[in-house]
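Working notes for the structure below.
The values are calculated or read from the model by the stated rules, or taken from the named source; none is laboratory data. Computed from a predicted structure; not experimentally measured. Virtual Cβ from ideal backbone geometry, glycine too; neighbours counted across all protein chains shown. These area figures cover heavy atoms from the full protein model, side chains too; ligands, DNA and RNA do not enter into them. Shrake-Rupley method; radii C 1.70, N 1.55, O 1.52, S 1.80 Å.
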Amino acid sequence: MYRKYIKRMLDIFLAITLLPFLLLLTLILGPLIYLEDRGSPFYVSERLGKDGKVFKMYKFRTMKVNSPDIRNADGTTFNARNDPRLTRIGAFLRSSSLDELPQIINILKNEMSFIGPRPDLPEHIRLYNKEESMKLQVLPGITGYNQAYFRNSVDFRQRLKNDLYYVRNLSFCLDLKILIRTIETVVRKRGIYI
């Protein structure tokens, strides 16, 4: 009941409630992001969604225009405190996780949830084994088990194991624990970088 109906209803309610805040933040942050290097305030990237469907995920842009795509050894996106690709406002947005807020639009489009496994790049589907592909049974989230407890401090394979734990144990209580822990993790700025 929770997984099929209540979770989606809560997502819609929270997204609509936070939409005015997102609009206000866009009015404030949009010009600041643009003025730094004259690029779009938004970053749009394809991600892997529920049932393997590819969708366009929205974020506030944190990197300089035309930054090179740098990957870690496991194929995941490079992320470091001293990353020269980050803009000044982008470093703040990333450390505060405010860059993720435009994904409220993805929630309203039923492409994401507030809580679920973080969406991977489309090509990462080739890296999943049969068991790991179970993470695609649920909508990806703005935050999730990994972000709440580890943020970016665990490797790709461990993240997939944690995603499977979430899918197998999905419940209102687990989502509530993840939400509370996410707030604590963001406020204390834990595990932002690998």
From the list Leu32, Leu27, which one is surrounded by fewer than 14 Cβ atoms within 10 Å (Cβ to Cβ), without any contact (Cβ under 8 Å) to a residue 60 or more places away in the chain, in a helix (DSSP H, G or I) and not small (Gly, Ala, Ser)? Leu27
By residue number, the members of the stretch 138-149 that are touching a Pro at 6+ places or on another chain (Cβ under 9 Å), open to solvent by less than 20 Å² (accessible area, probe 1.4 Å) and part of a helix (DSSP H, G or I) are Asn146
By residue number, the members of the stretch 155-170 that are touching a residue at least 12 places away in the same chain (Cβ under 8 Å) and not charged (D, E, K, R) are Phe156, Leu160, Asn162, Leu164, Tyr165, Tyr166, Val167, Leu170
Which residue is most open to solvent (accessible area, probe 1.4 Å), if the candidates are limited to the stretch 83-110 and must be touching a helix residue (DSSP H, G or I) at 6+ places or on another chain (Cβ under 8 Å) and assigned to a loop (DSSP other than H, G, I, E, B)? Asn110
Any residue in the stretch 175-187 that is more than 13 Å from Ile142 (Cα to Cα) sitting within a Cβ distance under 9 Å of a residue that is open to solvent by 70 Å² or more (accessible area, probe 1.4 Å) and in a helix (DSSP H, G or I)? List the pairs, counting only those 6 or more apart or interchain. Arg181/Tyr149; Thr185/Tyr149
How many of the residues making up the stretch 121-137 are open to solvent by 20 Å² or more (accessible area, probe 1.4 Å) and charged (D, E, K, R)? 4
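Which residues, counting only those in the stretch 64-82, are closer than 20 Å to Asn146 by Cβ, open to solvent by 40 Å² or more (accessible area, probe 1.4 Å) and among the β-branched types (Val, Ile, Thr)?
Just the residues of the stretch 64-82 that are closer than 20 Å to Asn146 by Cβ, to begin with: 71-81.
Filter again for open to solvent by 40 Å² or more (accessible area, probe 1.4 Å), leaving 71-74, 77-78, 81.
Selection gives Thr77 alone.
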Note on Asp51: of the conditions (1) within 18 Å of Asn106 (Cα to Cα); (2) of a type outside the set (A, V, I, L, M); (3) open to solvent by less than 90 Å² (accessible area, probe 1.4 Å); (4) not in a strand (DSSP E or B), unmet is (3)
Across the stretch 54-82, what is the total count of residues that are among the β-branched types (Val, Ile, Thr) and not in a strand (DSSP E or B)? 4
Could you please give the count of residues in the stretch 171-188 that are surrounded by fewer than 18 Cβ atoms within 10 Å (Cβ to Cβ) and either small (Gly, Ala, Ser) or in contact with a helix residue (DSSP H, G or I) (Cβ under 6 Å, 6 or more places away or on another chain) (or both)? 3
Over the stretch 35-48, the set of residues in contact (Cβ under 8 Å) with a residue 60 or more places away in the chain and either farther than 26 Å from Leu136 by Cα or in contact with a Pro (Cβ under 6 Å, 6 or more places away or on another chain) (or both) is Glu46, Arg47, Leu48
Does any residue of the stretch 85-102 turn out to be closer than 21 Å to Thr182 by Cα, at pLDDT 90 or above and among the hydroxyl-bearing types (Ser, Thr, Tyr)? no
Could you check how many residues of the stretch 9-61 are polar (S, T, N, Q) and under 26 Å from Phe172 (Cα atoms)? 1
